[in-house]
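Written below as structure tokens is the structure these notes are about.
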Amino acid sequence: MKIMAVVGARPQFIKFLPLQEQLLRTASQKMSYKLIHTGQHYDYEMSKIFFDELGLKEPDYFLEVGSGPHGEQTGKILTRCEKIYLKERPDVVIVFGDTNSTLGAALAASKLNIPVAHVEAGLRSFDKYMPEEQNRILTDHISSLLFCPSQTAIQNLKREGFSIHLGGELVPLNIHFENMMPVNVNNPLVLNVGDIMYDAIVSILKNIRDEETVLEKYHVLPNSFYLVTIHRAENTDDIKRFAEIVDFINTHTEGENVVFPVHPRTAKIVKSSDVRFHHKVRLTEPIGYKDLLVLLKNAKMVFTDSGGIQKEAFWVKTPCVTLRDETEWVETVELGWNVLFRDFSGSHGEKMSDRHPYGDGRAAERMVEIIKRVPLGQ
Ligand code: UD1
């Protein structure tokens, strides 16, 4: 079986890590995999640093699509992936999350009738103006294997007409698929496998030794600073909205140390506008995943519009304030670890619960076993 995985943006490199570990563990003559990097993210701090520090496989193909309008970027990914699929003829294409790389790579496979496996299927913000929401919905509906991270994702797909397998419960690790009809885009398989980012965080945190050195690098002490990240188009492309967010952060972190690794998109608006943070906010270049996890784990609280960081905060037990009007990760809010910024009153954390809605950290193992065992194709 030939597997092709496609990544391109920062969070996808992290999501690929546990899958790579699992694929390496089970690699055999019967199963091989190749990696495409679309080049959606290309700066060292946005891309290569992840490959270097996480030990990710060098991509077999690098598409160099770079930045551009959404249609152009997605189109380039589609046409360049198509050429590679035609040459390599993979049996399945694995895509991750909700970026333009996800949709471009999935569409190219779908047009060639190659089964698509979507990792992180079923998430919805219910705002179809969001590029990520468009990417998610479209990718789910051309996928054959829909790997959901949670029950909420399962329920979203059920509402959209998908049949749900095993009642949406976490799939048993030793699942077998005897006498099953072929799984394809007309007969997709929707399964709750747990969240692959939980696999990633478990594996990386195990190997982090020297948290103090990392904190020294950012001039902070444990539990004495806030962490901020902002990168979403809806927050960075509208100056009024950006000013509102900065004002919110200034008010709630006044007099306290703040570390703020700045995404290139956000750097542009910081530079071109007269919006200012208070003097204890330290703006840095984008940072690698290990440093980010150490900062997150030791912060008093995180203010973010990232989807991944909302969950990572939940896993390392750091309260999170989400700088958006909605979130796909509703469980983190329900369980008291996360709050939308408009609902934030200055403190939260009173009703924090220890429930684990995102699986057991073995999502990649499930996915690889399922890909190996299901009858995939027409
Ligand atoms: C993309 C994803 C978003 C994801 C995020 C993770 C889409 C629609 N959005 O958003 O879902 O949460 O990645 O970080 O796919 N830029 C650089 N250097 C780089 C990459 C980007 O300078 O290496 C700048 C460019 O000016 C570019 C802008 O950042 O135009 C935005 O990059 P893009 O990849 O289009 O979207 P992200 O905001 O990163």
Do you know which of the residues in the stretch 330-348 that are assigned to a loop (DSSP other than H, G, I, E, B) and without any contact (Cβ under 8 Å) to a residue 12 or more places away in the chain is farthest from L227 (Cα to Cα)? S345
Name, by its number, the condition in (1) surrounded by fewer than 11 Cβ atoms within 10 Å (Cβ to Cβ); (2) at pLDDT 95 or above; (3) at positive phi that does not hold for G194. (1)
Could you check the stretch 197-210 and list, in sequence order, the residues that are surrounded by fewer than 21 Cβ atoms within 10 Å (Cβ to Cβ) and within 24 Å of the chain's Cα centre (by Cα)? V202, S203, I204, L205, K206, N207, I208
Within the stretch 167-189, track down each residue that is more than 24 Å from F314 (Cβ to Cβ) and within 25 Å of the chain's Cα centre (by Cα). G167, P172, N184, V185, P188, L189
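Output the residues belonging to the stretch 10-46 that are within 16 Å of the ligand (Cβ to nearest atom), under 17 Å from F96 (Cα atoms) and surrounded by fewer than 21 Cβ atoms within 10 Å (Cβ to Cβ).
If the condition is that a residue be within 16 Å of the ligand (Cβ to nearest atom), under 17 Å from F96 (Cα atoms) and surrounded by fewer than 21 Cβ atoms within 10 Å (Cβ to Cβ), then M46 is the only one that fits.
Quick check on V294: is it hydrophobic (A, V, I, L, M, F, W, C), in contact (Cβ under 8 Å) with a residue 40 or more places away in the chain and either closer than 25 Å to K240 by Cα or surrounded by fewer than 15 Cβ atoms within 10 Å (Cβ to Cβ) (or both)?
Against the criterion (hydrophobic (A, V, I, L, M, F, W, C), in contact (Cβ under 8 Å) with a residue 40 or more places away in the chain and either closer than 25 Å to K240 by Cα or surrounded by fewer than 15 Cβ atoms within 10 Å (Cβ to Cβ) (or both)), V294 does not qualify.
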Mind telling me which of the residues F303, F277 ends up being aromatic (F, W, Y), away from the ligand (no atom under 13 Å from the Cβ) and in a strand (DSSP E or B)? F303
Taking only the stretch 236-254 into account, find how many residues are within 14 Å of the ligand (Cβ to nearest atom) and in contact with a Leu (Cβ under 6 Å, 6 or more places away or on another chain). 0
For T327: the one exception among (1) surrounded by fewer than 21 Cβ atoms within 10 Å (Cβ to Cβ); (2) among the hydroxyl-bearing types (S, T, Y); (3) in a helix (DSSP H, G or I): (3)
Go through the stretch 52-84 and give me each residue that's within 13 Å of the ligand (Cβ to nearest atom) and either modelled with pLDDT under 95 or touching a Phe, Trp or Tyr at 6+ places or on another chain (Cβ under 7 Å) (or both). G66
Any chance I230 is surrounded by fewer than 21 Cβ atoms within 10 Å (Cβ to Cβ), β-branched (V, I, T) and closer than 23 Å to T304 by Cα: no
Scanning the stretch 85-106 for residues that are within 13 Å of the ligand (Cβ to nearest atom) and on the phi > 0 side of the Ramachandran plot gives G97
Condition first: more than 25 Å from K206 (Cα to Cα), small (G, A, S) and surrounded by fewer than 21 Cβ atoms within 10 Å (Cβ to Cβ). Can you find one or more residues in the stretch 355-362 that meet it? no
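The values are calculated or read from the model by the stated rules, or taken from the named source; none is laboratory data. Note that the coordinates shown come from a computational prediction; the quantities given were computed from them, not determined experimentally. A quick note on method: Cβ atoms are made from the backbone with ideal geometry, for glycine too, and the neighbour counts reach across all protein chains shown.
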